[in-house]
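Colleague: Dropping the structure in here first, questions after.
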Amino acid sequence: MNQIMLERRQFLQAGGALVVGFALAPIAPALAQQAARAAFPLRDVTDDAVDSFLAIAPDGQVTLYSGRVDLGTGLRAAYRQIVAEELDVPYERIAMIDGDTALTPDQGGTGGSTAIVTAGMEVRQAAATARQALLKLASERLSVPVEQLSITDGVVRAGNGRTVSYGDLVGGKRFDLKADANAPLKNAAQYKYVGKSLPRPDLPAKMTGRHIFVHDFKLPNMLHARVIRPTSIGATLADVDESSIASIPGARVVRIQNFLAVVAENEWNAVRAARGLRVRWTGGGNLPGSDGVYAMMRSTAPERNEQLTKKGDSSAALQSGGRRLNATYEWPAQSHGSMGPSCAVADAKDGQLTVWSASQGTHRSRQVIARALNIPDNQIRVVYLDGAGCYGMNGHDDAAAEAALLSHTLKRPVRVQWSREEETGWDPKGPPQLLDLRAALDANGNIAAWETEAWLPMNTPNLFARPLLSFVAAGIPQPDGQAVAQVQGNAYPPYDLANITATVHWLKTTPLRPSNLRAPGKLGNCYAVECFMDELAAAAGRDPLEYRLHHLKDERGAAILRRAAEMMNWRSRPSPQAGSGGDRIASGRAIVYVHYKHVDNRMGLGVELIVNRDTGQVRVDRVVCAYEAGLMINPDIVRSQVEGNILQAVSRTLLEETTFDQNRVTSVDWESYPILTFPDAPAIEIDLMGSPYDKPMGAGEAASAPVPAAIGNAVFDAVGIRMRRVPLTPARVRAALAASGQASL
């Protein structure tokens, strides 16, 4: 099939706009694939131009172009609601294309709970600017002052009864305007779409198996590829016996320095070739092992030290205070645990390269691939297609790079599919964290001083500081660095303390390739901070809720924490509970407070759980969450996001740890890297606290942060043991119980 050069609006008129994003009516997969492949429009999309975000067809259909992508977070509904509100057009009349670098503005990667807060507000201002321009055009067309015009369902109406539609005013033409940051926005009292739980347009096709995920995408004449990974991290390729797969029809080897792959005309032959190819690797290894990683972190000279906060004189207060306490908390490396392994398709043809990927940052991916392969940016197009959940940089970008490298080399369309072992073994990891905490109590048991000392992997603020596996193996120059996002967030408490210091020792390297993983760093930091807060309350003999409220001067935060306590029907008493030492099944409860990043969502979260003293099994039965949500574009989607955060955080707290030896990751399947199953999911109750008059706030990651600490504190409440290392596996809990005399090993 020849590639067709089209302008964006020609692409829209040809029907392609309903393919890469979504359609209100089903589109046959073959048609979707054909349309997505056919167009390679080369146009300059200016990030602040109204035309970069919106197009109106002659029939009044509105198409929204978003550089952010819908990762299952509901943006395809929420963004349409924003545009429908500001333009006064029916929700059903808006189509959306997300993440196609040839068609959408570069709004940065999708992450950090900023898809609504920042990028969504860019869309909103573009729509508000377009509305003002349309009113001005209508005023000129109808010879009526703007003040005497109203808009209903994309039709401008004058008081004298005359009307003109958006399609008649601008259909098929450009606005040629920059988005005006001061364009007037719809008054919240007049909202028709925002704040309503409208249905997500992508769900019907997903639930009936008609939705096209990147794993389903196919091209004519496409090769199937499998990349051969080394036996040890950092190993070099010594020898390949290509004759070992000579009997497999159409299978062949592609080698570029230490990059090794097999390709075949069908997928099964590619799988057979990957399994049968005889390869010899040398070197590599020298990892500290997952049990030695914390000692390595502590003994490594930091690249630099940073004081995150300082108030009063914590050092002097620690020396002069009453009772002193200290604790060390350890958070493990974790995989993204994507249910479906990473996949990508690439097609190098006629000097151009198109890549279909589930990357969270398609524009960034395009730039990385362009520089690696020495191809101009405008000759590369990355098209977003849904993949398995990632919530951070998993293997999607690696698979895209591998497909691009192979297609660029072979001049054929190539599909790269990872295996389960690759996905869990080779995806970039949420990095390990190590925190030392120290505090002193005054004569009344209140906190006189607090110190946090953290060892964390250094974040390199460089767009290209994400070395990709196969580019490195192929000897293609890669940036020297790593990107792990703001892993220092919430490393100190949100309470009003007279003397507090928090310091982070930034480490240049980490044993496994690091990446941002949902709520990067905050789960581990909040686990340490809020568990230590409970330790102080227990030392003071105080109720954990009362102790927090005593130290919390933020009235909004205190109200949210009280609401969580009300949802739990909280009854004051110190932890651990008394009189349950003989029960083999012990119940516990806990409540925690987190102010996400100290500037975003406030949350009060409570947990009820049971601990089996014989097996060490921890089962979370109930979670309640009072969540500061702000302006909610679609409340049902916000609720789903908060629920998903809680469930994933329960899984990460109880089950998930990337284990590795001196050579490679050893937790490479669902048995060695288990995740939470449906029967073990707790009951969840959520109170979303917000109004249409609030500022919008994120929902994609914040609710993860308080969950681990609530679980750890509830275990203490149940059986009186402190679990300072995650995950709280049955073996680890049982060992701690045995050490306390409550169980036998």
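Colleague: Is there a residue being buried (at least 17 other Cβ atoms within 10 Å of the Cβ) and of a type in the set (D, E, K, R) anywhere in region 288-304?
Modeller: No, region 288-304 contains no residue that is buried (at least 17 other Cβ atoms within 10 Å of the Cβ) and of a type in the set (D, E, K, R).
Colleague: Right, something else. Give all pairs with beta carbons closer than 6 Å in which a residue from region 227-243 that is closer than 21 Å to PRO511 by Cα meets a residue that is at pLDDT 95 or above and hydroxyl-bearing (Ser, Thr, Tyr); count only pairs at least 6 apart in sequence or on separate chains.
Modeller: Once the first residue is closer than 21 Å to PRO511 by Cα and sits in region 227-243, its partners that are at pLDDT 95 or above and hydroxyl-bearing (Ser, Thr, Tyr) give THR236/THR282.
Colleague: Identify, please: which residue in region 676-696 is without any contact (Cβ under 8 Å) to a residue 60 or more places away in the chain and of a type outside the set (S, T, N, Q) and is, among those, farthest from ARG652 (Cα to Cα)? Break it down into steps so the answer makes sense when it comes.
Modeller: So in region 676-696, the residues without any contact (Cβ under 8 Å) to a residue 60 or more places away in the chain come out as 676-679, 681.
Right, trim to of a type outside the set (S, T, N, Q) and you get 676, 678-679, 681.
Values: LEU676: 8, PHE678: 15, PRO679: 16, ALA681: 13 Å.
Out of the qualifying residues, it is PRO679.
Colleague: A further question on this structure: Answer with yes or no whether ALA400 is assigned to a loop (DSSP other than H, G, I, E, B), of a type outside the set (Asp, Glu) and either crowded, with 19+ Cβ neighbours inside 10 Å or touching a Cys at 6+ places or on another chain (Cβ under 7 Å) (or both).
Modeller: Details: assigned to a loop (DSSP other than H, G, I, E, B): no; of a type outside the set (Asp, Glu): yes; either crowded, with 19+ Cβ neighbours inside 10 Å or touching a Cys at 6+ places or on another chain (Cβ under 7 Å) (or both): yes.
So ALA400 fails the test.
Colleague: Which one of the conditions (1) surrounded by 16 or more Cβ atoms within 10 Å (Cβ to Cβ); (2) in a loop (DSSP other than H, G, I, E, B); (3) not aromatic (Phe, Trp, Tyr) does HIS215 fail to meet, given that it meets all the rest?
Modeller: Result: HIS215 passes all but (2).
Colleague: Return the residues of region 656-669 that are among the aliphatic types (A, V, I, L, M) and either at positive phi or open to solvent by 50 Å² or more (accessible area, probe 1.4 Å) (or both); say none if nothing qualifies.
Modeller: Residues of region 656-669 that are among the aliphatic types (A, V, I, L, M), as a first pass: 665, 668.
Listed by number, the list is empty, since nothing qualifies.
Colleague: Now for a different question. Can you go through ALA519, ALA491, ALA485 and tell me which one is part of a loop (DSSP other than H, G, I, E, B), in contact with an Asp or Glu (Cβ under 8 Å, 6 or more places away or on another chain) and aliphatic (A, V, I, L, M)?
Modeller: On the way: ALA491 fails: in contact with an Asp or Glu (Cβ under 8 Å, 6 or more places away or on another chain); ALA485 fails: in contact with an Asp or Glu (Cβ under 8 Å, 6 or more places away or on another chain).
One residue alone meets the criteria, ALA519.
Colleague: Just checking, which of ALA699, ALA649 is touching a residue at least 40 places away in the same chain (Cβ under 8 Å), more than 30 Å from GLY234 (Cα to Cα) and in a helix (DSSP H, G or I)?
Modeller: Working: ALA699 fails: in a helix (DSSP H, G or I).
Just one listed residue meets the conditions, ALA649.
Colleague: Separate question: Please determine whether any residue of region 676-684 is charged (D, E, K, R), part of a loop (DSSP other than H, G, I, E, B) and more than 20 Å from GLY557 (Cβ to Cβ).
Modeller: Applying the first criterion (charged (D, E, K, R)) to region 676-684 yields 680.
Applying the additional criterion that residues be part of a loop (DSSP other than H, G, I, E, B) yields none.
No, because not a single residue in region 676-684 is charged (D, E, K, R), part of a loop (DSSP other than H, G, I, E, B) and more than 20 Å from GLY557 (Cβ to Cβ).
Colleague: Separate question: Could you tell me whether any residue of region 625-634 is without any contact (Cβ under 8 Å) to a residue 40 or more places away in the chain and either closer than 28 Å to ALA699 by Cβ or open to solvent by 10 Å² or more (accessible area, probe 1.4 Å) (or both)? Before you say what the answer is, go through the steps one by one.
Modeller: The initial filter retains those residues of region 625-634 that are without any contact (Cβ under 8 Å) to a residue 40 or more places away in the chain, namely none.
For region 625-634, residues without any contact (Cβ under 8 Å) to a residue 40 or more places away in the chain and either closer than 28 Å to ALA699 by Cβ or open to solvent by 10 Å² or more (accessible area, probe 1.4 Å) (or both): absent.
Colleague: Let me ask you something else. Can you tell me which residue within region 186-212, out of those that are open to solvent by less than 70 Å² (accessible area, probe 1.4 Å) and of a type in the set (A, V, I, L, M, F, W, C), is farthest from the chain's Cα centre (by Cα)?
Modeller: Residue satisfying both the conditions and the ranking: ALA188.
Colleague: Check region 135-154 and report whether any residue there is aliphatic (A, V, I, L, M), touching a residue at least 40 places away in the same chain (Cβ under 8 Å), under 19 Å from ILE82 (Cα atoms) and surrounded by 15 or more Cβ atoms within 10 Å (Cβ to Cβ).
Modeller: Here is the first cut: in region 135-154, the residues aliphatic (A, V, I, L, M) are 135, 137-138, 142, 144, 146, 149, 151.
Remaining after also requiring touching a residue at least 40 places away in the same chain (Cβ under 8 Å): 151.
Now drop any that are not under 19 Å from ILE82 (Cα atoms), which leaves 151.
Narrowing further to those that are surrounded by 15 or more Cβ atoms within 10 Å (Cβ to Cβ): 151.
Within region 135-154, one or more residues are aliphatic (A, V, I, L, M), touching a residue at least 40 places away in the same chain (Cβ under 8 Å), under 19 Å from ILE82 (Cα atoms) and surrounded by 15 or more Cβ atoms within 10 Å (Cβ to Cβ).
Colleague: So which residues in region 533-580 are outside any loop (DSSP other than H, G, I, E, B) and of a type in the set (Asp, Glu)? Give the derivation first.
Modeller: First, the residues of region 533-580 that are outside any loop (DSSP other than H, G, I, E, B): 533-540, 544-551, 555-568.
Selection gives ASP534, GLU535, GLU546, GLU555, GLU566.
Colleague: Which residues, taken from region 218-241, are aliphatic (A, V, I, L, M) and either over 22 Å from HIS396 (Cβ atoms) or open to solvent by less than 20 Å² (accessible area, probe 1.4 Å) (or both)? Give the derivation first.
Modeller: From region 218-241, those aliphatic (A, V, I, L, M) are 219, 222-223, 225, 227-228, 233, 235, 237-238, 240; that's our starting set.
Within region 218-241, LEU219, MET222, LEU223, ALA225, VAL227, ALA235, LEU237, ALA238, VAL240 qualify.
Condition check ((1) within 29 Å of PRO727 (Cβ to Cβ); (2) touching a residue at least 40 places away in the same chain (Cβ under 8 Å); (3) crowded, with 23+ Cβ neighbours inside 10 Å) across all residues:
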site: ASN446; (1), (2), (3): no, yes, no
site: ALA449; (1), (2), (3): no, yes, yes
site: ASN490; (1), (2), (3): yes, yes, yes
site: TYR527; (1), (2), (3): yes, yes, yes
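The values are calculated or read from the model by the stated rules, or taken from the named source; none is laboratory data. Fair warning: this is a prediction, and the values are worked out from it, not measured in the lab. Please note: Cβ atoms are built from the backbone with ideal geometry, for glycine as well, and neighbour counts cover all protein chains shown. Note: accessible area is taken over every heavy atom of the protein model, side chains too, but ligands, DNA and RNA are not part of it. Shrake-Rupley method; radii C 1.70, N 1.55, O 1.52, S 1.80 Å.
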